[in-house]
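Peer 1: Have a look at the structure that comes next, please.
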Amino acid sequence: MTAWTKSKNARTAAIAVVLVLCVAAAGYALRHAGRVLSVASAFYAKTLCSGVLLAQRNENEVVKQDVLADMSFGLRHLHREIYRERGLVAITTLGMGERLALFRPGLGCTLVTDTSVDALLKQARDFTPPPRAPRSGAEWPEGARVNPLRADAGVDGEILKAAVDEAFAEPNPRALRRTRAVVVAYRGRIIAERYSQGMGPQTLQLGWSMGKTILNALTGTLVSERRLSLDQDRLFAQWRGEGDPRGRISVDDLLRMVSGLDFDAPHERMLSDVRKMLFMKGDSVAYAASEKLAAPVGASWFYSSGSASLLAGVMRSAIGGTQARYFAYPRRALFGRIGMTSAVIEPDAAGNFLAPAFVYASARDWARFGLLYLNDGMWGDKRILPEGWVKNSLRPTPHSDGQYGAGLWLRIPDFLRPDAVADYRLPQDAFYMLGHEGQMVAVIPSRQLVVVRLGLSRRRGAWDHGAFLGNLLKAFPGEGG
């Protein structure tokens with residue numbers, strides 16, 4: 001073989017390798033693009049379904065204010081259809097792939113993933129949501145009546161109003177706050193509230209990761225019923241194999257997010273684990289339980305929606321019985337007992353509550369939930385959470401740098417603070433339920449305050465929990481902190 005022939009063969013082989021790599025890269029890019037489109041269309045279907053069929057908001061407003069706001073990955077080119085009589089929302093991608101979301105009374109909306117509409121309807125066949133009793137004429141939280149700020153409350157009304165109004169201002173058109181609700185409860189009564197146009201006291205609003213505290217409370221009710229214990233381990237069948245270190249993960253490890261499971265959390269990446277779990281997988285618990293350990297159990301803290309999804313699975317096993325019994329449990333054990341009657345936890349296609357992300361409730365009901373924790377798990381003379389439960393939940397979790405307890409934030413984390421902002425030195429006893437896009441229930445025992453802020457702040461730096469609370473607290477008399 002001549003040198004020229006060898007050279008020609010080498011060039012041919014190199015070209016072939018390049019072509020194979022190009023084809024492989026193109027195939028990967030197409031698969032990646034397809035998965036991104038699938039997540040985007042699922043987000044569209046789920047958000048539209050919950051906004052219109054669950055929260056009863058205007059379709060065009062939901063599309064403009066919830067789906068398309070600050071989004072840049074081509075959602076405007078997706079086609080939507082709402083079949084109200086069937087409780088179904090369909091989103092079509094470029095006339096091809098379709099993602100469906102189904103509304104079921106009392107359960108909200110569920111993506112039809114790895115299942116069928118008929119199967120989801122059959123799943124809820126034996127579940128009958130209790131009728132929502134009309135609110136009494138009593139003052140909140142017992143009823144629906146809310147009094148304006150009273151002169152004897154010891155609160156500076158002008159400062160309070162200015163702080164609430166500022167929460168709805170839009171100082172930066174490139175990073176909109178989109179505050180939708182603020183409720184301020186002082187000494188157990190609402191003394192200030194405001195809503196954006198189209199929203200009101202009865203509007204159900206998404207709490208995102210504030211649902212992790214809902215899971216904390218439901219875990220507490222199961223502990224009080226002796227169905228669960230914090231040190232319970234060997235939680236899932238696939239973790240019980242001989243030598244599987246995941247068998248050491250306890251209920252408390254999941255609550256405190258020290259399980260060590262390899263589950264990344266950021267919503268910013270389209271194909272992050274949390275987005276895949278919420279928008280691509282029909283069984284969120286199975287997906288999270290399949291993760292391997294990235295660190296020894298208890299050796300590191302990592303904020304994770306996967307751990308919270310696993311808690312929903314543990315809760316399901318502890319409740320036992322039928323699917324309908326599981327669906328009914330949050331209302332029976334928690335929501336109905338504290339008057340949080342608007343609250344809905346949406347499940348995945350396998351019937352697991354997606355509480356880490358998809359809990360809807362009115363702003364006043366989110367304030368009721370905060371009041372339960374302000375009062376150490378008591379509601380009037382009824383104990384809802386076990387004695388000492390709230391105190392234990394506020395015990396700092398090792399490796400969290402003192403910022404996280406068990407389903408509760410002990411301070412506002414840096415990743416939720418705008419860059420280069422002042423430290424507002426909020427009261428040391430304050431704790432928080434925090435959610436994606438600026439959701440917050442702040443509980444400040446030393447000031448006898450519960451503060452709810454709900455909105456849709458998608459740009460980094462658009463919303464500052466610390467600045468809002470710092471301004472608000474100036475209206476209240478100092479009582480320690």
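Peer 1: Please list, by residue number, every one of the trypsin sites (Lys or Arg not before Pro) in the range 308-347 that is coil in DSSP and has at most 16 other beta-carbon atoms within 10 Å.
Peer 2: Values: sites: Arg316, Arg325, Arg331, Arg332, Arg337; in loops: none.
Passing both the DSSP loop test and the Cβ count: no residue.
Peer 1: Express in nm, to one decimal, how much length is gained between Arg187 and Lys474 on full extension, taking 0.36 nm for each residue of separation and deducting their alpha carbon distance.
Peer 2: On the way: separation 287, 0.36 × 287 = 103.32 nm, distance 1.62 nm.
101.7 nm is the gain from fully extending Arg187 to Lys474.
Peer 1: Please return the longest range in the chain lying between exposed loop sites, taking GluC sites (Glu not before Pro), DSSP loop only, at most 10 other beta-carbon atoms within 10 Å, and leaving the sites out.
Peer 2: Details: sites that count: Glu242, Glu268.
Free of exposed loop sites, the longest segment is 1-241.
Peer 1: From Cα coordinates alone, what are the radius of gyration and Dmax values for the range 370-423 in angstrom?
Peer 2: Rg then Dmax for the range 370-423, in Å: 14.2, 45.
Peer 1: Now a separate question. With only alpha-carbon atoms counted, please give the Rg and Dmax of the range 384-459, in Å.
Peer 2: Every Cα atom of the range 384-459 included, Rg and Dmax give 13.2, 41 Å.
Peer 1: Another question about this same structure. Which of the trypsin sites (Lys or Arg not before Pro) across the range 97-179 are loop residues per DSSP, with 15 or fewer other Cβ within 10 Å?
Peer 2: Working: sites: Arg99, Lys122, Arg125, Arg132, Arg135, Arg145, Arg150, Lys161, Arg174, Arg177, Arg178; in loops: Arg125, Arg132, Arg135, Arg150, Arg174, Arg177, Arg178.
Taking the range 97-179 and a limit of 15 other Cβ atoms within 10 Å, the loop trypsin sites (Lys or Arg not before Pro) found are Arg125, Arg132, Arg150, Arg174.
Peer 1: What's the carbon and sulfur percent of the chain's accessible surface, probe 1.4 angstrom, rounded to a whole number? Walk me through the intermediate numbers first.
Peer 2: Values: 11180 of 21110 Å².
About 53 percent, which is the carbon plus sulfur part of the accessible surface.
Peer 1: For the range 98-189, compute Rh as the Kirkwood radius over C-alpha pairs and then the Stokes-Einstein diffusion coefficient at 4 °C and 1.567 mPa s; write the answer in µm²/s, rounded to an integer.
Peer 2: Details: Rh = 18.2 Å.
Using the Kirkwood radius from Cα pairs, D works out to 71 µm²/s.
Peer 1: Taking 8 Å as the Cα distance limit and 6 or more residues as the minimum spacing, I'd like the relative contact order of the chain as a percentage.
Peer 2: Details: 886 pairs, mean separation 83.6, N = 481.
Taking the mean separation of contacting Cα pairs over the length of the chain, I get 17 percent.
Peer 1: Direction-averaged shadow area of the convex hull around the Cα atoms of the range 306-412, nm²?
Peer 2: Details: hull surface 30.4 nm².
Projected over every direction and averaged, the Cα hull of the range 306-412 covers 7.6 nm².
Peer 1: Let me ask something additional. Please calculate how many Å² of accessible area the range 248-356 carries per residue, with a 1.4 Å probe and no DNA, RNA or ligand atoms counted.
Peer 2: On the way: 3200 Å² over 109 residues.
Computed with neighbouring chains in place, this is 29 Å² per residue.
Peer 1: In addition: With the crude spin-label approximation of a point 7 Å out along Cα→Cβ, what separation in nm comes out for Val146 versus Met71?
Peer 2: If labels sit at Val146 and Met71, their model points lie 2.9 nm apart.
Peer 1: How large is log10 I(q)/I(0) at q = 0.16 Å⁻¹ when the Debye formula is applied to the Cα atoms of the range 230-322, each weighted equally and without solvent?
Peer 2: Results for the range 230-322 at q = 0.16 Å⁻¹ read -0.61.
Peer 1: Give the Rg (one decimal place) followed by the Dmax (whole number) of the range 214-257, computed from C-alpha coordinates and expressed in Å.
Peer 2: Looking at the range 214-257, its Cα Rg and Dmax stand at 11.3, 33 Å.
Peer 1: Same structure, new question: Among the lysines, which fall within straight-line cross-link reach of Lys276, defined as a Cα-Cα distance under 23 Å, with same-chain neighbours fewer than 8 residues apart omitted?
Peer 2: By straight Cα distance, Lys276 reaches Lys46, Lys212, Lys292.
Peer 1: Divide by every residue of the chain the summed helix terms, -39500 (n - 2.57) for each DSSP H run of at least 4, and state the resulting mean residue ellipticity at 222 nm, rounded to the nearest 500 deg cm²/dmol. Intermediate results must be reported in sequence, preceding the final value.
Peer 2: On the way: 13 runs with 154 residues, N = 481.
Estimated from H runs of four or more residues: -10000 deg cm²/dmol.
Peer 1: While we're here: Per residue Cα convex hull volume for the range 324-480, in cubic angstrom?
Peer 2: Details: hull volume 22.3 nm³, N = 157.
That works out to 142 Å³ per residue.
Peer 1: Would you report the distance distribution of C-alpha pairs in the range 156-231 as whole percents per 5 angstrom bin, up to the bin with the largest distance?
Peer 2: For the range 156-231, the pair-distance distribution reads 3, 12, 15, 15, 17, 12, 9, 7, 6, 3, 0.
Peer 1: Still on this model: In terms of the ratio Rg/(2.2 N^0.38 Å) built on C-alpha atoms, what value belongs to the range 47-168?
Peer 2: On the way: Rg = 20.7 Å, N = 122, 2.2 N^0.38 = 13.7 Å.
In units of the globular-protein estimate, the range 47-168 measures up at 1.51.
The values are calculated or read from the model by the stated rules, or taken from the named source; none is laboratory data. Since the structure is predicted, the reported quantities are computational estimates derived from the model, not experimental observations. Cβ atoms come from the backbone with ideal geometry, glycine included; neighbour counts cover every protein chain shown. With ligands, DNA and RNA removed, areas are computed over all heavy atoms of the protein, side chains included. Shrake-Rupley method; radii C 1.70, N 1.55, O 1.52, S 1.80 Å.
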